[in-house]
Structures are given as C-alpha cells and as structure tokens.
Amino acid sequence: MASIKLEGLRKTYPGNVQAVKGIDLDVADGEFVVLVGPSGCGKSTLLRMVAGLESVGEGTLHIGDRVVNDLEPAQRDIAMVFQNYALYPHMTVFDNLAYGLKNRGHQRDEIERRVQEAAKMLEIEELLPRKPRQLSGGQRQRVAMGRALVREPAAFLFDEPLSNLDAKLRVQMRVEIKQLQRRLQTTSLYVTHDQLEAMTLGDRLVVLNGGRIEQVGTPMEIYLRPASLFVATFIGSPAMNLFPVDYLRERGSGLLDDLPEGTDIVGIRPDDLHIQAPDKRHLIVESTLELFEAAGAESHLYVRLEGNDQPTVIRTAGQPPVTEGETLRFHVTREALHPFNRESGRRMGV
Amino acid sequence: MQTKRMTLPGGWLPYALLAPQVIVTLIFFIWPAGQAFYQALLREDPFGLSRTFVGLDNFARLFNDPLYLNSMSVTAVFAIGTTLLSMSMALLMAMAVNRLIRSRHAYTTLLVWPYAVAPAIAGVLWWFIFHPSIGILPYMLDMLGYRWNHRTSGTDAMLLVIFAAAWKQIAYNFLFFLAGLQSIPQSLIEAAAIDGASPFKRFWSIVFPLLAPTTFFLMVVNVVYAMFDTFGVIHATTQGGPAQATNILVYKVYADGFVGMNLGSSAAQSVVLMAIVVALTVVQFRFIERRVNY
C-alpha cells in the first residue's frame, strides 16, 4: 500500500512533441483514481511514466515515501494490467501468475499458495493449467488481473484494460474491478478514454486534455460542476449542449441577469431540458423535432433551435408522446445553466 | 487457411499452364535423379566404355570406406558449426537492429547484402582474407602468436569454410529473426520487466521461447544449406583439403565422380544425400507445425 505523488511531471519526445505538460497529482493510499481523456491527451504516457516504462522527463515521482524517478519498473513495487493483457503465450496460466513471484525469489510453496489464492479470488482456478490461447477474452482479462494482484503490489496501474472486451463483458468486468479494488484497498491508477467507465470506477477523476489536467474531482463534482468547456462536453453522454448566451438572453426574461461576469456561452445538459414546465422560474426555448430516438428506458430528442447552428440533444425518461416534425417547447431552470467563457474555455463564477 | 477455389474452363488449359514447370522438373530434376539411382547400381570404367551391374555393392563399399565415414563426420562438424555460428550471429544482429527505430531500415538493407553474394565469391572473399601469405587475418593472428595456415592445418581449414559459409547465411537468418522479434508484442517485454525479470532473464524466458518456431525453421534451413548449398564455398577455398579435412559429402560426390571418375560410387553418394534431404524435409514438415508451437 502506498500513495502516489506526481510533482510537475513533464514528458517531451524528440521533435519537441510535448506529451505531458506539467502534471501535479496526489493519489492517496487506497484510492482509485481514473485518468480520463481523449486519445493523445497524454494519459497513457503518464501511466507509463509511473510504471517506469517511460523515463520521467522532468518533475518528481513518488511512490510511497520513495522518489522512484530513476528506479527500474521492477523496483517500483507496482503491477500493471495492459490493454492487450500481455499474457505470456507460451506459459500456462499458473506460470503466468507465478512468473513475477519466481523472479523475486519466493519459495515454491509460497508461490503455490499465493497463485491459488489469487486464482480463487478471480474464479480462474480451473484455468490454471491452460495456455492463454485457450482462453476467452474475459478469461484472459481475469488472468491479467490475477497476475497483477498475486504480487500484492503497492499500486495497480490499469491501461485501458476493458477496451478489448465486448459491451456486456465490459460492464461485468468493470463491476468486478471495482469490487476487487474495494476489497484489497490497493492504490489504483486507471487510464481510460471511456467517460462512463471513468465515472463509475473512480473515487476521483482526473480529466486530461492536451497533456494538461483540466479538472480533478469526484465523478459527481465533475459532472455537476465541470470546470471547463472541454470537461463539460467530454463527461456525460449525450454531450452537454452549448448555447451562445445572447441567444438565451432573448428568451430568458431576466433569468440570465445574474450569470457571472465574462459568461458568453452557456451549457445545458440533455437531461435539463424538460418538456414539462417546472414550478420554478425557467426559460423556454422552442424548436422543431428533427429526430426521435427511443432507447428503452430513455429517449433522445434531436432538435435544431432557430438561430442556433448547433444541434441540440434532449434526454427524457420513458417515451414522451411526440412526433418528428412537431414544434416543441423546452423548459430550463436557472440551476441547470453552466456558465463558460468561450475564449478561455473556463467556467465562470465560483 | 482458406483459399479461394477457381475453376478453369476446358480440359487442356490447366495442363498447358502447368506444363512448363512440369517439363523443367522432369528434365532437370526427375530424370537426373533417376539416372543417379540407376548408375548407383552400376560399375563403370573411367572411360565409359563398359558397365557392369553390381547391385547394392556401391553402397556396401561406401559404408565400409573410412574416407566416406570421415566425410560424414566432417559434414556433421561443418553443418553444426555453420548453423550455430550463422544463427547466433544473426540473432545478435537482429536484436541490435530491433532496438533501433529510425536507422532500422538502413541497417537491415546493409545486413542483407551478403545474401546476394554467390557462394563461390563468398569463398574467394574469405580465401583472400585468410590467405596464409597475403591475407590480413593471418597477419594479425601472427601478431597474437597464432600461425594460421589452412593449407596445412585441418582445423584452420574447417574454420575457414565455416566462416565463409556462415557469413553468407547470416543475412538470411537475420531477416527471419528480425521479423520474429518484431512480431513479439512490446507489452510482453514490458510486463516481464514489471514482473521483475532482468534483461537477460527476459530474453531467455520470454523472447527466446517465442522465437522457437523461427529458430527451428532456420535450423533446418541452415543444416540443409550447409550440407547441400556450400559446394561453391569449398571449391573456391580448400577443395576438400587438407587431407580430407573439409571434404563434405556434396563435395565428395563431385570429387569422386568428376575428378576420380568413379561414377558408380558418386551416384550412390548422391542417392544417400537425396535420402538425407527427404528425411530433413519430413522432419521440418512434421515438427514445425506441431512441436514448437505454443
């Protein structure tokens, strides 16, 4: 068990490509932190720097109470789960799990005990004599997890471990990873580009963009108060709708007067545009329904507001009695408005 | 593997398309092979004026001939030495090149060149380098106190032909090893590094086992090369000497048949060689698919 501390971490590749541009982050002992961002945001590079697979360009990296900048991956007491699992294809599952323990000179019976224990925890005991190519994707994923936890490392590093699984397995493994982490209380850093995975897994989220941290916080903090336009549109699905503030002001009847100084763009989550008028004061927008998507428990309405070139998405529960082509009125309360400044991309106000 | 099936119209077209290959094979491979089988059963005088049918007598003599048995062990030493040397050098170079990123193509191209050199030319090249009176290596070895002379020392001669034969084959092995190394996912090596394996351990416990199919394939190819494809190397350097020290089986077929004019024995020797090729091919096909897979 250990905390992980990143101080001013930078990484510049030859040709002056800056992959990571100064990251400060504290991961507490036992915490599950998810690094999330689009591809090329530097999240994988950051994780690989923590693992020791990439050299630390600048800055200091602490794991536990040691500075590990110049330590080999093996000396950092971490375990990593790779996107393609990276199981040794010529070894049985047992040997895959035992490999790290053997390299560290554990006794034979100790290895046997720990492998059995890990296999039991992950319910892969009957797979132990098999080779990786005889396993399904989900089973390989479990073995990869097993190989990480059998060593009882100070921290787990996950590099998009679920992205090779089909949708159903992904949800199942997501739940299992979370339960496992809760049980073992091992500090974990998890990289993903999937915002849903990030929201559901992490104690805290780190949203990265272009090698920088956009926002750090609990999933709900980030969802409810996105600190920037990037975070606002990246987290949450369907993505947040953006409106020029003047457009709304025309129909807001004084509701937008108290928006913070500098606000010129306003975000509204698809769930916050209501067909039913709420009791509170609200503003009303009117538009024609272009497309209606029924997704079972919820429905998505695609509308194009007059005078706004961006299409707008509305999410409602169940299936409202609407038909495509009809003109609808949507109601938005003051609390649902997220004020941003277009130029700086930051959230306005406190 | 799935292949698309195509049906050609008409009865004669497929045969016509196959004909050139079949005719070449018949004239240059099957017919001479048949001749060899036939001649192996005959004894002929050096001038080709008379022949007697002797049954398997040529074979019986062969396996009682100390010179032939010597040639077999010489071939074994030569084949094993060439295979080991060329494969280990090729693997070393492939690993070195595999670490490079930008200059990889340049090195690969340069390292493949020796393969384009004809065996005889390779032989002459090394003959010059090792020439006891004008060669550069004997000159340097002399400074170290070693008197190199492959014209009198059987060991020196064997080393010379092994160097020459192996040098040419390194390029071929290198390409296959490089391709093999590149097909090993980087994440496996990284996982092993995190699992606490030293670079040495990583190589022997991860990389080398994963290269096993390549290694086995190359081993068979190299043995076949050393046994059958090195006539030029021997002929251009030692001509089998000194004192039969480098007289490998293929060279002996030539020396006995076309220099010694003992056609019956020479034919019997080629039949033995044919049997060896068949055996090696069977080994390759039987084992490469099954045994060395993971």
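Among the residues of segment B:82-111, those that are within 17 Å of the chain's Cα centre (by Cα) and surrounded by fewer than 16 Cβ atoms within 10 Å (Cβ to Cβ) comprise B:Leu84, B:Ser88. Filtering segment A:69-108 to residues that are touching a residue at least 40 places away in the same chain (Cβ under 8 Å) and more than 11 Å from chain B (Cβ to nearest Cβ) leaves only A:Val93. The single condition among (1) out of contact with any strand residue (DSSP E or B) (no Cβ under 9 Å at 6 or more places or on another chain); (2) open to solvent by 40 Å² or more (accessible area, probe 1.4 Å); (3) more than 8 Å from chain B (Cβ to nearest Cβ); (4) not charged (D, E, K, R) that A:Ile111 does not meet is (2).
How many of the residues in segment B:181-198 are of a type in the set (A, V, I, L, M, F, W, C) and either touching a residue at least 40 places away in the same chain (Cβ under 8 Å) or surrounded by fewer than 15 Cβ atoms within 10 Å (Cβ to Cβ) (or both)?
Residues of segment B:181-198 that are of a type in the set (A, V, I, L, M, F, W, C), as a first pass: B:181, B:184, B:188-189, B:191-194, B:197.
Pick out the ones that are also either touching a residue at least 40 places away in the same chain (Cβ under 8 Å) or surrounded by fewer than 15 Cβ atoms within 10 Å (Cβ to Cβ) (or both) and you get B:181.
Number of matching residues: 1.
Total residues in segment A:8-28 satisfying the condition of being open to solvent by 20 Å² or more (accessible area, probe 1.4 Å), assigned to a strand (DSSP E or B) and under 22 Å from A:Asp203 (Cβ atoms): the figure is 2. The set of residues from segment B:206-218 being buried (at least 20 other Cβ atoms within 10 Å of the Cβ) and either closer than 18 Å to A:Glu72 by Cβ or more than 12 Å from chain A (Cβ to nearest Cβ) (or both) comprises B:Ile206, B:Thr214, B:Leu218. Within the option set A:Arg114, A:Arg140, being over 23 Å from the mean Cα position of the chain (by Cα) and basic (Lys, Arg) holds for one residue only, A:Arg114. Return yes or no: is B:Thr7 among the polar types (S, T, N, Q) and open to solvent by 80 Å² or more (accessible area, probe 1.4 Å)? Criteria met by B:Thr7. Inside segment B:168-198, residues that are over 12 Å from A:Asn103 (Cα atoms) and either away from chain A (no Cβ under 13 Å) or not hydrophobic (A, V, I, L, M, F, W, C) (or both) make up a count of 20. For B:Phe203, are the conditions met, namely being within 14 Å of chain A (Cβ to nearest Cβ) and exposed (fewer than 15 other Cβ atoms within 10 Å of the Cβ)? Against the criterion (within 14 Å of chain A (Cβ to nearest Cβ) and exposed (fewer than 15 other Cβ atoms within 10 Å of the Cβ)), B:Phe203 does not qualify.
Among the criteria (1) open to solvent by 10 Å² or more (accessible area, probe 1.4 Å); (2) under 26 Å from A:Pro260 (Cβ atoms), the one A:Val207 does not fulfil is (1).
With the structure loaded, tell me whether A:Lys120 is open to solvent by 10 Å² or more (accessible area, probe 1.4 Å) and at the interface with chain B (Cβ under 10 Å from one of its Cβ atoms) or whether it fails that test. Criteria not met by A:Lys120. Residues in segment B:143-154 that are in a helix (DSSP H, G or I) and within 20 Å of B:His235 (Cβ to Cβ): B:Gly154 only. In segment B:31-44, the condition of being under 24 Å from B:Ala243 (Cα atoms), in contact with a Lys or Arg (Cβ under 9 Å, 6 or more places away or on another chain) and open to solvent by less than 40 Å² (accessible area, probe 1.4 Å) is met by no residue. Does A:Val322 fit the bill of being open to solvent by less than 60 Å² (accessible area, probe 1.4 Å) and part of a strand (DSSP E or B)? It is false that A:Val322 is open to solvent by less than 60 Å² (accessible area, probe 1.4 Å) and part of a strand (DSSP E or B). Residues in segment A:46-56 that are within 14 Å of another protein chain (Cβ to nearest Cβ) and assigned to a loop (DSSP other than H, G, I, E, B): A:Gly52, A:Leu53, A:Glu54, A:Ser55. Restricting the search to segment A:289-319, which residues are of a type in the set (Ser, Thr, Tyr) and open to solvent by 60 Å² or more (accessible area, probe 1.4 Å)? Answer for segment A:289-319, where residues must be of a type in the set (Ser, Thr, Tyr) and open to solvent by 60 Å² or more (accessible area, probe 1.4 Å): just A:Tyr302.
For segment A:57-68, the candidate set comprises residues that are modelled with pLDDT under 90 and closer than 19 Å to A:Ser44 by Cβ; within that set, the residue that is nearest to the other protein chains (Cβ to nearest Cβ) is A:Gly57. Evaluated against (1) open to solvent by 30 Å² or more (accessible area, probe 1.4 Å); (2) within 30 Å of A:Glu54 (Cβ to Cβ); (3) away from chain A (no Cβ under 14 Å), B:His235 falls short on exactly one condition, (2). Put simply, of A:Val143, A:Val150 the only residue that is open to solvent by less than 30 Å² (accessible area, probe 1.4 Å) and farther than 12 Å from A:Leu184 by Cβ is A:Val143. Considering only residues in segment A:35-45 that are open to solvent by 20 Å² or more (accessible area, probe 1.4 Å) and assigned to a loop (DSSP other than H, G, I, E, B), the one that is farthest from the other protein chains (Cβ to nearest Cβ) turns out to be A:Pro38. The numbered conditions (1) modelled with pLDDT under 90; (2) assigned to a helix (DSSP H, G or I) are all true for B:Pro242 except (2).
The values are calculated or read from the model by the stated rules, or taken from the named source; none is laboratory data. All values derive from a computational prediction rather than experimental measurement. All Cβ positions, even for glycine, are placed from backbone atoms using ideal geometry, and neighbour counts span all protein chains on display. The area values use the complete protein model at the heavy-atom level, side chains included, leaving out ligands, DNA and RNA. Shrake-Rupley method; radii C 1.70, N 1.55, O 1.52, S 1.80 Å.
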